[in-house]
1. Would you confirm whether any residue within segment 548-567 is at pLDDT 90 or above, over 29 Å from residue 666 (Cα atoms), open to solvent by less than 50 Å² (accessible area, probe 1.4 Å) and of a type outside the set (Lys, Arg)?
2. Check every one of the strands (runs of 3 or more DSSP E) wholly within segment 646-763 and list those with 2 or more residues that are open to solvent by less than 20 Å² (accessible area, probe 1.4 Å).
3. Inspect segment 498-511 for any residue being basic (Lys, Arg) and in contact with a Ser or Thr (Cβ under 9 Å, 6 or more places away or on another chain) and give the result as yes or no.
4. Just for segment 595-624: of the residues that are open to solvent by less than 50 Å² (accessible area, probe 1.4 Å) and charged (D, E, K, R), which one is nearest to residue 540 (Cα to Cα)?
5. Going by the conditions given, is residue 221 on the phi > 0 side of the Ramachandran plot and exposed (fewer than 15 other Cβ atoms within 10 Å of the Cβ)?
6. If you take the residues of segment 90-101 that are touching a residue at least 40 places away in the same chain (Cβ under 8 Å) and open to solvent by less than 80 Å² (accessible area, probe 1.4 Å), which of them is farthest from residue 137 (Cα to Cα)?
7. Please indicate, with yes or no, whether at least one residue in segment 78-88 is modelled with pLDDT under 50 and either open to solvent by less than 60 Å² (accessible area, probe 1.4 Å) or not in a loop (DSSP other than H, G, I, E, B) (or both).
8. Out of 464, 506, 495, I need the residue that is in contact with a strand residue (DSSP E or B) (Cβ under 7 Å, 6 or more places away or on another chain), more than 30 Å from residue 589 (Cα to Cα) and open to solvent by less than 70 Å² (accessible area, probe 1.4 Å). Which one?
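The values are calculated or read from the model by the stated rules, or taken from the named source; none is laboratory data. The structure displayed is predicted, hence computed values, not measured ones. For neighbour counting, all protein chains shown are included, and Cβ atoms are generated from backbone atoms with ideal geometry for every residue, glycine included. We work out accessible area using only protein heavy atoms, side chains counted, and drop any ligands, DNA or RNA first. Shrake-Rupley method; radii C 1.70, N 1.55, O 1.52, S 1.80 Å.
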Amino acid sequence: VLGSWVWFWAPSLVPDSQSGSGSQSSARLLFWGWGAPAGARTPSPLAAPGGALAGAARGTFTVRAWPQVAVVPFGGSVAINCSHSGCSDHEPTLGLETSLTKNATEGGSSWQKFVLVNVSEWNPQPALCYATCGEQRATAPAAVLVYRVPEHVVLEPVPAVAVGESRNLTCRVAEAAPLANLTVTLRRGGETLRTQNFGAAAGSASVAVSHLLTVGPGDHGQDVTCHAELSLRPHGPLFARAAVPVKLVVYALPEPPQLQAPVRLEAGATANASCRVVGAFPAEDAHFSLVLDGRSLDVAVTEGGDTLTASTRLSPRTAGLQELNCTVTVGAAARTARAQLHVYRFPAPILELSPVPAGGEVTVTCRAPAAEPPAVRLQLRDADGGVLAEGPQPQLELRLVAQREDDGRWFGCRASLAVGDGTVTKDTEARLAVLYMPEMEASSCPSNRTWLQGTREALSCGATGNPAPTVTCTRNGATISTQRPELVTRSHAGTYLCNATNSLGTRSRLVTIRVEYEPSLTESGCPAHRTWVEGERRELACRAEGDPAPSTRCTRDEGPPGTGGGRAVSRSDAGRYTCRATNKHGSALRSVYVSVEYEPSIGEAGCPARRLWVEGTAAELGCNASGNPLPHVACAKLGDPHAPPASPNVTRAHAGTYQCRATNAHGSALRNITITVEYSPVAVSLRVVPSANVSRGASFSVECRAEGLPAPTFGWALPPAPNLRFGADNRSVAVARAAAANRGVYTCTASNRHGRRAGSVVVRVDESRLALLVSLGVLGAVTVLGLAAAGIYYLKTTACKKGEYNVRDAEGTSEGARLHRGDAGGRGEVFGIQLTPT
């Protein structure tokens, strides 16, 4: 097979507006053309394809017709290709035999195209392609399929259907051919109801397809559709048309409506009425119509479950028997309910009473205005329901003499009207007014009243009288409201004059008001701060305000119980107290602070009698005294008219006995204080006896003195030798039979817990007279220098004493003279000062 004809066809279901019919649909050929197997050579459009076309052959001479089936619309045209092959020795001829009108168009050496025009014959005989090649003749037939696409597809309208009923669905297809190729399908929504095929028939024809459908509630709103398909496959396209869908309308109205309305209604009055129906389907399509005496009423519809209720207001204007209709319509169903309404006109009866002075005659009149219907019956009644007068006449009268106790007497006038099967009654009532002067009784206007502060009260004073009296109350010429409650204060207490006045006269009454109030404690009656003096007799009293008079009691917040009754004040009474004032309306609290003042006292705890100070530390003589008010404390040194020199630090001059005096408004107190000043060692002095220049073999001693508190201890640094002997308190060192080992620097160090200080002296041991002379000379020079240094030190410390030597610290002094530089034994330079007694 060299090639085949492929049809691509898709229906386009759109209203056939172009054909002028809005109820039809059209199908369009989207595409058609050649197709060839993969790898095969594609012939030209007019060339006869080989292998797939029928033909007759003699030897190798063949004829082909394409297409094998020529599909053509009725009255249209179609082309048939005739071709031959295998004729090379002769001049071949080609032709087409057919009963239809044909035209030969373009062609070639081996093919010829023929067009069948205006094909208006149903089921024509096949056309025959033929060819001659010398003596040979070959033929190939081509069938001609004539068709007509349906002009329109129409679904007959389906009227509204009650649930459970059946309706025929009919689809009509106009003029289609060939019928054997036609298929008609009826659908409800997506469900296929019926598919109809048809047998062969000559020419074109119209067909109808029907289906009997029994409907249920679920069918409401479903679309019914009809599709017609004319299939010319495999030789031609598929044509499809669809009818305009028909929507199913399903309804149900199984029960008649129920009408609820009053039986009787007065003209001009308004009443509610309702109409209810159960099971109406679909509910949204239900329509209510309520009509009263030919006049349509406005309705409001509500839905509850499967029940619909229409509500309206009845307001008839004319009297008489009127009919109320309620009609419910759903789909093609309608149901009506009716009710009778008796409309009447019945004004209320009139009761006439005139005011009369006590002892006067009064006429009580009961009458009825005109009514529809006119049958009215009257009754004149008293407060107990007793009938004073009765009758069908339009007016009843009763005469009586009015007494004081008849004021406010009740009378009733009842009118009865028969309407339909019932009776309508109306009543009018009135009270007799007997005129008399005002009266003010103790029960309605008490002379004595008690109010509570903070509440709201009105000075109400009831008075009787007719006409009703006007009551006014005044105090000191000012009018007080008797109607509007006011906030009660203490200023409302007092006496008021109340007058009740009407047109017949005035009555007066005095009213006294007492205002009670809860207690209060103020500064004037209960000062918050009290100052007492120790030893005096006092009582913690608080005066409270309140009505009734409150009782007052004060208790201490903490500590021992508070003062009760008059007694002597002690310091323990000082503190905070809570005073409570109480009466039947409440209580008040006030905090009271009591301060107890007393004369000063100085004790060991706040002012120790003995103090130990250290020289150089901060100098502060503190002494705390007790007393209230807080006493002033001043201290002075005994036996010294002049105070110690002002100094921020302790000096030895601060030592001594002081007297401190504490003073406040209530007296004074004295206390003696002894101060001891400790200090580190000072004024270290060394003395060599008999002299610092010692001859060989002689004996000498070195004594060390120093001041300090506590008393210092002494230590020595001196040349080592076997002939040394220290004193019992280590204040001195003795040397017997001095030798060369005993010469050098003797250093004494005085120490206590506050520090240490050292002093030095140089001792020489001489072995010759010349050396002795030199030593004496040197000693003289040293003596001069020593005297100068001692004078300076004396001026500074005033610590020099007769018979003692003052030696400055030998280390680092500029006044000392270097002695015997070479005798230091490689230990560095040795400084020494030799002093003589002063």
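1. yes
2. Here the list reads 656-664, 667-689, 700-709, 732-735, 744-752.
3. Going through segment 498-511, the residues basic (Lys, Arg) turn out to be 507, 509.
With the extra rule that they be in contact with a Ser or Thr (Cβ under 9 Å, 6 or more places away or on another chain), the set shrinks to 507, 509.
Yes, segment 498-511 contains at least one residue that is basic (Lys, Arg) and in contact with a Ser or Thr (Cβ under 9 Å, 6 or more places away or on another chain).
4. That would be 597.
5. Numbers: on the phi > 0 side of the Ramachandran plot: yes; exposed (fewer than 15 other Cβ atoms within 10 Å of the Cβ): yes.
The answer is yes for residue 221.
6. Within segment 90-101, the match that is farthest from residue 137 (Cα to Cα) is 100.
7. No, segment 78-88 has no match at all.
8. Result of the check over 464, 506, 495: 464.
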